[in-house]
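The values are calculated or read from the model by the stated rules, or taken from the named source; none is laboratory data. Just so it is clear, the structure is predicted and the values come from calculations on it, not from any experiment. All Cβ positions, glycine included, derive from the backbone under ideal geometry; neighbour counts span all protein chains shown.
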Amino acid sequence: MHIRPFQPADRAAVVQLWQACQLTVPWNDPNKDIDRKLKVGADLFLIGERDGQIVASVMGGYEGHRGWINYLAVDPSHQRQGLAQQMMQAIEQKLTDLGCPKINLQVRNTNTAVIAFYEALGYQIDAAVSLGKRLESDQA
């Protein structure tokens with residue numbers, strides 16, 4: 001798999017990937033999420049390609065204190081081949097290069113398979129409560 005930065009021409013394929021992986025929800029417009037990411041740290045939005053097809057994505061963030069992972073996705077027909085691990089290694093290296101001391105991510109507590117995946121990569125459940133506040137009425 002070839003890992004590279006997101007390009008504007010990737011948009012439709014990335015949204016389709018996220019939909020296939022059931023990462024989209026009605027209150028989060030994926031196109032708005034992409035637009036926002038392209039304004040802040042666009043170099044931390046990575047795409048994985050195989051044979052010219054987008055098969056994976058990860059969106060990283062870093063504000064100088066903690067790194068964040070969003071939209072890690074691997075096309076269902078390419079899962080269980082180590083691609084998600086490759087994407088995580090790539091984004092972790094980019095964050096490390098920026099001086100990021102710790103990465104946070106959020107997983108629904110009912111998604112035990114994904115929790116197990118991250119634990120296998122060395123992530124641990126933090127003794128913390130995730131809080132959120134929507135700043136837009138239609139999504140956040």
Discussion item. Can you find a residue that is of a type in the set (A, V, I, L, M, F, W, C), in contact with a Ser or Thr (Cβ under 6 Å, 6 or more places away or on another chain) and either modelled with pLDDT under 95 or in a strand (DSSP E or B) (or both) anywhere in segment 39-49?
Written reply: yes
Worksheet item: If you check Ser77 against the conditions, is it closer than 26 Å to Arg36 by Cα and polar (S, T, N, Q)?
Response: no
Worksheet, complete the sentence: Flagged pairs (Cβ under 8 angstrom, 6 or more apart or on separate chains; first in segment 78-91, in contact (Cβ under 8 Å) with a residue 60 or more places away in the chain; second buried (at least 17 other Cβ atoms within 10 Å of the Cβ) and among the hydroxyl-bearing types (Ser, Thr, Tyr)) are Met87/Ser57
Worksheet item: Going through segment 94-113 one residue at a time, which ones are surrounded by 10 or more Cβ atoms within 10 Å (Cβ to Cβ) and not in a loop (DSSP other than H, G, I, E, B)?
Response: Lys94, Leu95, Thr96, Ile103, Asn104, Leu105, Thr112
Item to complete: Return the residue satisfying two criteria in turn: it lies in segment 49-69 and is of a type in the set (Val, Ile, Thr) and under 11 Å from the mean Cα position of the chain (by Cα), and of such residues it is surrounded by the fewest Cβ atoms within 10 Å (Cβ to Cβ).
Response: Ile69
Item to complete: Might you check whether a residue that is over 15 Å from Tyr71 (Cβ atoms) and either part of a strand (DSSP E or B) or in contact with a Cys (Cβ under 6 Å, 6 or more places away or on another chain) (or both) occurs anywhere in segment 21-37?
Response: no
Discussion item. For segment 71-84: of the residues being crowded, with 18+ Cβ neighbours inside 10 Å and at negative phi, which is nearest to the chain's Cα centre (by Cα)?
Written reply: Leu72
Worksheet item: For segment 55-92, what are the residues that are part of a helix (DSSP H, G or I) and not polar (S, T, N, Q)?
Response: Pro76, His78, Leu83, Ala84, Met87, Met88, Ala90, Ile91, Glu92
Item to complete: Could you tell me whether any residue of segment 39-49 is within 16 Å of Val107 (Cβ to Cβ) and either touching a strand residue (DSSP E or B) at 6+ places or on another chain (Cβ under 7 Å) or free of Cβ contacts under 8 Å to residues at least 60 places away in the same chain (or both)?
Response: no
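Residue by residue, here is whether (1) among the hydrophobic types (A, V, I, L, M, F, W, C); (2) within 21 Å of Leu98 (Cβ to Cβ) holds:
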{"residue": "Phe6", "(1), (2)": "yes, yes"}
{"residue": "Arg11", "(1), (2)": "no, no"}
{"residue": "Gln16", "(1), (2)": "no, no"}
{"residue": "Cys21", "(1), (2)": "yes, no"}
{"residue": "Asn28", "(1), (2)": "no, no"}
{"residue": "Phe45", "(1), (2)": "yes, yes"}
{"residue": "Glu49", "(1), (2)": "no, no"}
Practice prompt. Within segment 1-48, track down each residue that is among the acidic types (Asp, Glu) and surrounded by 11 or more Cβ atoms within 10 Å (Cβ to Cβ).
Written response: Asp10, Asp29, Asp33, Asp35
